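Worksheet: one structure, shown below.
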Amino acid sequence: GESVGLHLPTLSVQEGDNSIINCAYSNSASDYFIWYKQESGKGPQFIIDIRSNMDKRQGQRVTVLLNKTVKHLSLQIAATQPGDSAVYFCAENRGSNYKLTFGKGTLLTVNP
Amino acid sequence: NAGVTQTPKFQVLKTGQSMTLQCAQDMNHEYMSWYRQDPGMGLRLIHYSVGAGITDQGEVPNGYNVSRSTTEDFPLRLLSAAPSQTSVYFCASRQLAGGNQETQYFGPGTRLLVL
């Protein structure tokens, strides 16, 4: 079964609010994690990544937090905008050759 | 750069037919891969390649063949299509070097329906 999963399959927020999307992983050997955004009819788009030697990384309006103790990953989106509406996937890298394992995704809907 | 391109965008096949999904990238990336995405599921790795002449199986390789004769191209072949192969197929590429270059770039996808 999937070792990378999401706690919430759907998330609905108001425009301007902060969004938090969660992800659990089961393999403690995973050393690299990525968040992707996928808009309807398009391929996944890289948002932000983090290595296992870090617990936090910030980008533009996005922050990824990694808690290795409980094998938990989260994506925080500040001041969520309608353009942020999409499916968000977390993915983990378990070894060489960059073989990513994806979670099932969370649908984020931003209400104006 | 055009990035990662895929053709065709849509395809309808009958059971037993064969076809090739094309993927090309112009970023000189060593690593290329194919994923399939089914409703309500994440992407699952079919095959991947770390360079010309080198391919390997991913999580769900059965029913698919690949080859990598050039750095730029990584076609995915369905020799005898089955309804279970109805899916959206994504090609991706990345550099093998570490650091910020580890991110994968995805193509727009090919939507395949097998009747």
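The values are calculated or read from the model by the stated rules, or taken from the named source; none is laboratory data. Model, not experiment: these values are computed from the prediction. As a convention, Cβ positions derive from the backbone with ideal geometry for all residues, glycine included, and neighbour counts pool all protein chains shown. Just so you know, the surface numbers come from the protein's heavy atoms only, side chains and all, with ligands and any DNA or RNA stripped out. Shrake-Rupley method; radii C 1.70, N 1.55, O 1.52, S 1.80 Å.
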Item to check | Residue match in the stretch B:100-110 (condition: within 22 Å of B:GLY3 (Cα to Cα), facing chain A (nearest Cβ under 10 Å) and surrounded by fewer than 13 Cβ atoms within 10 Å (Cβ to Cβ)) | outcome: yes
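Please report, ordered by residue number, the strands (runs of 3 or more DSSP E) entirely within the stretch B:37-115 with at least 3 residues that are touching a Gly at 6+ places or on another chain (Cβ under 9 Å) and touching a residue at least 40 places away in the same chain (Cβ under 8 Å). Break it down stepwise before answering.
Working: elements: B:43-51, B:54-57, B:64-66, B:76-78, B:87-94, B:110-114.
Output list reads B:87-94.
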Item to check | Residue in the stretch A:27-37 that is most open to solvent (accessible area, probe 1.4 Å), counting only those that are more than 17 Å from A:VAL64 (Cα to Cα) and of a type outside the set (A, V, I, L, M) | outcome: A:SER28
Checklist entry - Of all residues in the stretch A:42-56, how many are open to solvent by 50 Å² or more (accessible area, probe 1.4 Å), within 10 Å of chain B (Cβ to nearest Cβ) and either of a type in the set (A, V, I, L, M, F, W, C) or in a loop (DSSP other than H, G, I, E, B) (or both)? => result 2
Item to check | In the stretch A:57-72, the residues that are within 14 Å of another protein chain (Cβ to nearest Cβ) and modelled with pLDDT under 95 | outcome: A:GLY59
Checklist entry - Only one residue in B:PHE74, B:PHE90, B:PHE10 is loosely packed, with under 13 Cβ neighbours inside 10 Å and of a type in the set (Phe, Trp, Tyr). Which one? => result B:PHE10
Next on the checklist: Please count how many residues of the stretch B:3-27 are over 20 Å from A:GLU39 (Cβ atoms), part of a loop (DSSP other than H, G, I, E, B) and touching a residue at least 60 places away in the same chain (Cβ under 8 Å).
Outcome noted: 7
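Would you list the strands (runs of 3 or more DSSP E) that sit entirely within the stretch A:72-112 and hold 2 or more residues that are aliphatic (A, V, I, L, M)?
Numbers: elements: A:72-77, A:86-93, A:100-102, A:106-111.
Hits in the stretch A:72-112: A:72-77, A:86-93, A:106-111.
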